[in-house]
């Protein structure tokens with residue numbers, strides 16, 4: 001079985017994924033980290049050196065490879081992954097994959113991103129909370145139709161990470 005976690009940046013995909021590993025013992029794969037290892041470059045450098053079109057092509061290629069692998073695993077997607085190429089279709093067609101959209105409000109995402117924005121190239125140059133809110137709201141509006149195609153939509157606002165993990169386990173069994 002493959003457990004696929006998707007949602008906007010700072011929605012908790014990696015945190016939840018690592019907690020699920022403790023329950024299932026599956027391998028955890030962060031797609032962005034996987035791409036960085038395979039390409040031997042950071043995501044920021046890939047964007048800078050080769051552009052977003054190249055990045056989205058390799059992102060699709062590596063997602064296909066991970067889905068083709070029959071090993072049980074937990075995959076955390078990049079925030080944009082579901083929105084490009086045929087990535088959501090690939091996930092939906094994989095009979096061994098179950099996808100979860102970690103739905104997090106604009107307010108909650110902004111609160112998290114303000115704290116960690118220096119580690120996030122996409123938002124590192126945003127200088128105010130109002131600008132960050134506008135940026136995130138626009139992105140979420142564009143991406144929600146893709147995210148909502150997940151098998152399960154879990155609202156994460158105000159929930160402890162353990163509660164979210166419990167909800168995922170309940171949905172799986």
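Things worth noting here:
- Residues located in region 35-56, provided they are surrounded by fewer than 18 Cβ atoms within 10 Å (Cβ to Cβ), in contact with a helix residue (DSSP H, G or I) (Cβ under 7 Å, 6 or more places away or on another chain) and closer than 17 Å to residue 67 by Cα: 38
- Residues that are under 15 Å from the mean Cα position of the chain (by Cα) and either modelled with pLDDT under 95 or assigned to a helix (DSSP H, G or I) (or both) within region 93-111 comprise just one, 109.
- Scanning region 113-141 for residues that are more than 15 Å from the chain's Cα centre (by Cα) and either assigned to a loop (DSSP other than H, G, I, E, B) or within 28 Å of residue 2 (Cβ to Cβ) (or both) yields 116, 119, 121, 123, 124, 125, 126, 127, 128.
The values are calculated or read from the model by the stated rules, or taken from the named source; none is laboratory data. The structure presented is a predicted model; accordingly, all values stated were derived computationally and were not measured. All Cβ positions, glycine included, derive from the backbone under ideal geometry; neighbour counts span all protein chains shown.
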